[in-house]
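The structure under discussion appears below in the form of structure tokens.
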Amino acid sequence: MLKIKKNIAISDSGFVFDPGTGDSYSLNPTGLEIVQMIKSGKSFEEIFQDFATKYEVEEEAFEKYYYDFTTTLKQLRLTEPNGED
Amino acid sequence: MTKLIFERPIIQRINAGLPSKYGMAHKLEPISHIDNVSIKSLMDSYGSPLFIISESTIRKTYKNAFRAFSSRYPKVQFAWSYKTNYLNAVCNVFHQEGSWAEVVSGFEYDKAIANGVPGELIIFNGPDKSRQDLEKAIKNGSLIHIDHFDELYEIISLSKEIEERPKVAIRVNMDTGIYPRWDRFGFNYENGEAWDALNRIMANKKLDLLGLHTHIGTYMMSTDAYKIAATKLASLAVRLEQKHGHVLQYIDMGGGFASKNTLRGAYYPGTDTTPSFDDFAEAITSAFMSSEIKPDNLPLLILENGRALIDDAGYLAGTVLANKRLADGRRATIIDAGVNILFTAFWYEHDIRPVEPVSEQTEDTTIYGPLCMNIDVIRGNVMFPLLKKGDHYVIRRVGAYNNTQWLQFISMRPNVVMIDSKGEPHLIRKNETLETINSQELTPEHLKNFDL
Ligand SMILES: Cc1ncc(COP(=O)(O)O)c(C=O)c1O
């Protein structure tokens, strides 16, 4: 399961700070919701269910954008290196 | 409960320190309508991508340019630069507004005649005029702007065969302090070639020398260059009168005023840097007024502006085909219009906007066209809203040079519609199809069949 590194600070407004590198980032609202759900340990299926009730989005489209987003999180090294099953 | 619009999730680095080159990143406001007509509904009817031309913007821009000159100078005439956009509907809007035609080939000349422009109101420019073209132009009483001595002698030779007297001007090139200097067209001012050409025409007596012409460059941002050019042409007019007692009827200052597009690599956007028509008009007319030309002999001032008159009226709308990520993590958005139909993407950082509402979020994006070619980049590195596959975009200020320089390459050239002053759309050029292309081709008998 994908895990966000523990030391990463995430504010309610979507501001992200990585004390390891000193870099800061901003998330858009959907990005913030996904990160918070990942942090709370939700799986892709659970996250999609939550999004599908709230937003006008098909599963295929959501999956595409979800994985594109999480790949970026990995590239930015905001996730645990061995955080996947 | 209605569901919320889903925006794709993104995360981006916040760069502390220097703001972007245009100051704070600004939101790209969507453009959903042109002249109160929905862009989406136009694409539903006419396809995607689609060129959309606003008739009322053409008329408004023309009137503004004409007013800038006619409020400062008694005799002003515009001639529509066909090569900038020679769709007949576009040309005819300019002709209805009072523009003559300015053409640079036999094909453009015939197009102007077919549109109904009287021969004597066609200015024939450029280095490429065949003997047949010249013969036709002389018989029609068109204004022939001579580019080189070979052309001058061709006209002199024709004048012995044809009854009508050729009406001519010479094109003059000169140093106006700008680079690159366009010295490949016409006769040079500084080295005396232009004066020499004028004297040979006067000595010949079979030609009617009516004017002087220059076109100092294109996308000119300097009004000073025009002032210098106008001053130099005025001095030639004065010398002609002093030496030959010959009064010129007109001076044609060409075109070249920058449009409000932003040049690639420019630091400031074109909307901030482009001089107004009033600025250019002031530079040119003040040079004439303060020259030694006698007030009674002030020549007709002709202008041949292209891009500054039509860029704003043209839009290219279309659809997002896909999003992907480049190897370095940057965003790539692929749209359905490529550089083959948007030639000006090579020169400009075009203003590209979403059609549907978007959030405040933007991402550093490179916008690619659909061609399977590496050069097909519509915009590099633009902070762009998060458009999804199927969303629509519209590119502003594409009226100049695209509908004439576009290529049929890999895909077909799309429909062009014009929205009239009442908001009615009209199809003014049909999209090409496989039949259009194949109708021009001939396959030899022995190549008609194959077995695979
Ligand atoms: C002779 C002449 N006149 C007018 C124009 C129109 O130029 P622009 O579109 O820069 O105003 C051109 C274009 O190069 C030209 O060659």
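Quick notes on this structure:
- About its Cα centre, chain A has a charge dipole of approximately 500 debye under the convention of +1 per Lys or Arg Cβ and -1 per Asp or Glu Cβ, with nothing else charged.
- Of the Cα atoms belonging to chain B, the radius of gyration and Dmax stand at 24.9, 88 Å.
- Given +1 at the Cβ of Lys and Arg, -1 at the Cβ of Asp and Glu and no other charges, the dipole of chain B around its Cα centre is 800 debye to the nearest 20.
- Relative contact order for segment A:9-75: 16 percent, from Cα pairs under 8 Å spaced at least 6 residues apart, divided by residue count.
- In this assembly, the B-A interface accounts for approximately 2100 Å² of buried accessible surface in total, computed with a 1.4 Å probe and without ligands, DNA or RNA.
- Averaging Cα coordinates gives a centre for segment B:49-106 and one for segment A:8-85; these two points are 53 Å apart.
- Per residue solvent-accessible surface (Å²) - segment B:56-311, probe of 1.4 Å: 40 Å²
- Computed from label points 7 Å out along Cα-Cβ, the spacing between B:I375 and B:M412 is 2.5 nm.
- The distance between label points at B:E445 and B:S45 comes to 4.9 nm (points 7 Å beyond Cα on the Cα→Cβ vector).
- Over 18 Å (Cα to Cα) - which of B:K139/B:K243; B:K129/B:K232; A:K6/A:K42; A:K74/B:K324; A:K6/A:K54; B:K83/B:K129 fall in this group: B:K139/B:K243; B:K129/B:K232; A:K6/A:K54
- Of the whole protein surface, B:I123 contributes about 0 Å² of accessible area at a 1.4 Å probe radius.
- Solvent-accessible surface (1.4 angstrom probe) belonging to B:R397, in square angstrom, nearest 10: 30 Å²
- Rg/Rh (Cα only; Kirkwood hydrodynamic radius) as it applies to segment B:56-311: 0.95
- Here B:I122 sits with roughly 0 square angstrom of accessible surface, probe radius 1.4 Å.
- In this entry, the protein assembly as shown is assigned a mean projected area of 34.3 nm², taken as a quarter of its C-alpha convex hull surface.
- Cα-based equivalent ellipsoid, segment B:159-307: semi-axes from gyration tensor eigenvalues, Å: 31, 16, 14
- What the Cβ-Cβ distance of B:D279 and B:T404 gives, at R0 = 35 Å and to the nearest 0.05, is a FRET efficiency of 0.80.
- With R₀ fixed at 30 Å, the C-beta to C-beta distance from B:D272 to B:K27 puts the FRET efficiency at about 0.95.
- Segment B:204-267 versus segment B:285-318: alpha-carbon centroid distance in Å: 10 Å
- For chain B, the membrane-span-like helix rule (DSSP H, alpha carbon extent of at least 24 Å along the helix axis, mean Kyte-Doolittle at least -0.5) picks out B:223-244; this says nothing about an actual membrane.
- Computed over the Cα atoms of segment B:319-395, pair by distinct pair, the Kirkwood hydrodynamic radius stands at 12.4 angstrom.
- Legend: calculated FRET efficiency, B:I14 to B:R181, from the Cβ-Cβ distance at R0 = 41 Å, rounded to 0.05, equals 0.35.
- Backbone phi angles across segment B:372-377, fed through the Karplus curve with coefficients 6.51, -1.76 and 1.60 (θ = phi - 60°), yield HN-Hα couplings of 7, 8, 5, 6, 7, 10 Hz in residue order; Gly and Pro are listed as x.
- Paired Rg and Dmax values of segment B:339-452, which use every Cα atom, in angstrom: 18.4, 61
- Whole-number accessible area per residue in Å² for segment A:9-75, which is evaluated in the context of all protein chains at 1.4 Å: 50 Å²
- In this simple spin-label approximation, A:Y67 and B:R325 carry label points 7 Å from Cα along the Cα→Cβ vector, and these lie 1.2 nm apart.
- Nearest-20 debye value, segment B:56-311 charge dipole, Cβ charges on Lys, Arg, Asp, Glu: 360 debye
- Estimated vicinal HN-Hα couplings, Hz - segment A:33-48 in sequence order (Karplus 6.51, -1.76, 1.60; Gly, Pro = x): 4, 5, 4, 5, 5, 4, 4, 7, x, 6, 7, 4, 4, 5, 5, 4
- With the alpha-carbon atoms of segment A:9-75 aligned to their principal axes, the span from lowest to highest coordinate is 36, 22, 20 Å, starting with the largest.
- The value of relative contact order for chain B, using C-alpha pairs under 8 Å at least six residues apart, is 19 percent.
- Whole-angstrom gap from segment B:350-389 to segment B:417-432, using each part's C-alpha centre: 26 Å
The values are calculated or read from the model by the stated rules, or taken from the named source; none is laboratory data. Just so it is clear, the model here is predicted, and its values are computed rather than measured. So basically every Cβ, Gly included, is an ideal-geometry build from the backbone, and we count neighbours across all protein chains shown. Areas reflect the complete protein model, heavy atoms only, side chains present, ligands, DNA and RNA absent. Shrake-Rupley method; radii C 1.70, N 1.55, O 1.52, S 1.80 Å.
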